[in-house]
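Okay, so here's the structure we're looking at.
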Amino acid sequence: MNDDSEWPTDWLRAVLSPAVLRVLADGPTYGYAISARLEAAGFGKVKGGTLYPLLGRLEVADLVRTEWRAGEAGPGRKYYELTPGGKASLAEQAERWTRFVTVTELHLQTTTEEQHD
């Protein structure tokens with residue numbers, strides 16, 4: 001692994017839902033822009049085959065709503081926007097993720113320290 005853009009797939013899959021909700025917390029946007037924001041944030045390139053099914057699941061769960069908007073110089077785009085339930089889910093997932101990271105860090109530090117004893 002050369003840099004942070006090559007995270008293991010299972011790690012990325014675990015955090016992708018709250019990461020996408022976080023992008024949408026800044027306002028409605030479309031899939032390609034979501035992917036670009038995630039890449040700029042350090043998650044690496046998120047392929048459409050991963051992102052769009054997730055967005056569909058978030059829509060079915062009523063965490064996001066969609067709207068087709070006409071394109072300025074091309075085809076229309078499907079925009080995604082957080083629902084009130086999506087905002088609540090983001091807050092809950094962020095809090096739970098923070099607790100999980102803390103537990104994981106403590107466990108890994110303990111394991112590392114035990115190996116050096």
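Within region 44-57, can you find the residues that are assigned to a helix (DSSP H, G or I), more than 11 Å from the chain's Cα centre (by Cα) and not aromatic (F, W, Y)?
Of everything in region 44-57, those that are assigned to a helix (DSSP H, G or I), more than 11 Å from the chain's Cα centre (by Cα) and not aromatic (F, W, Y) turn out to be G48, G49, P53, G56, R57.
Limited to region 18-32, what total is found for residues that are of a type outside the set (A, V, I, L, M, F, W, C) and either part of a loop (DSSP other than H, G, I, E, B) or within 19 Å of T104 (Cα to Cα) (or both)?
Initial filter on region 18-32 (of a type outside the set (A, V, I, L, M, F, W, C)): 18, 22, 26-32.
From the residues that got through so far, the ones that are either part of a loop (DSSP other than H, G, I, E, B) or within 19 Å of T104 (Cα to Cα) (or both) too are 18, 26-28.
Here the count works out to 4.
Condition check ((1) touching a residue at least 24 places away in the same chain (Cβ under 8 Å); (2) in a helix (DSSP H, G or I); (3) more than 20 Å from T9 (Cα to Cα)) across all residues:
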{"position": "E39", "(1), (2), (3)": "yes, yes, no"}
{"position": "G42", "(1), (2), (3)": "yes, yes, no"}
{"position": "L90", "(1), (2), (3)": "yes, yes, yes"}
{"position": "E95", "(1), (2), (3)": "no, yes, yes"}
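R37: charged (D, E, K, R), in contact with a Ser or Thr (Cβ under 9 Å, 6 or more places away or on another chain) and more than 21 Å from E6 (Cα to Cα), yes or no?
So R37 fails the test.
Could you grab the pairs with beta carbons closer than 7 Å, sequence gap of 6+ or different chains, first residue in region 44-57 and at positive phi, second one assigned to a loop (DSSP other than H, G, I, E, B) and aromatic (F, W, Y)?
G44/W7
Of all residues being loosely packed, with under 13 Cβ neighbours inside 10 Å and in contact with a Phe, Trp or Tyr (Cβ under 7 Å, 6 or more places away or on another chain) in region 18-74, which is farthest from W97 (Cα to Cα)? Just the residue, please.
So, considering only residues that are loosely packed, with under 13 Cβ neighbours inside 10 Å and in contact with a Phe, Trp or Tyr (Cβ under 7 Å, 6 or more places away or on another chain), the one farthest from W97 (Cα to Cα) is R69.
Looking only at region 75-114, which residues are open to solvent by 70 Å² or more (accessible area, probe 1.4 Å) and aromatic (F, W, Y)?
Scanning region 75-114 gives W97, F100.
Within region 54-76, count every residue that is more than 14 Å from G31 (Cβ to Cβ), at pLDDT below 95 and not aliphatic (A, V, I, L, M).
2
The values are calculated or read from the model by the stated rules, or taken from the named source; none is laboratory data. Fair warning: this is a prediction, and the values are worked out from it, not measured in the lab. Ideal geometry is used to build each Cβ from the backbone, glycine not excepted, and the neighbour counts take in all protein chains shown. Accessible surface is based on the protein model in full, side chains and every heavy atom, while ligands, DNA and RNA are left aside. Shrake-Rupley method; radii C 1.70, N 1.55, O 1.52, S 1.80 Å.
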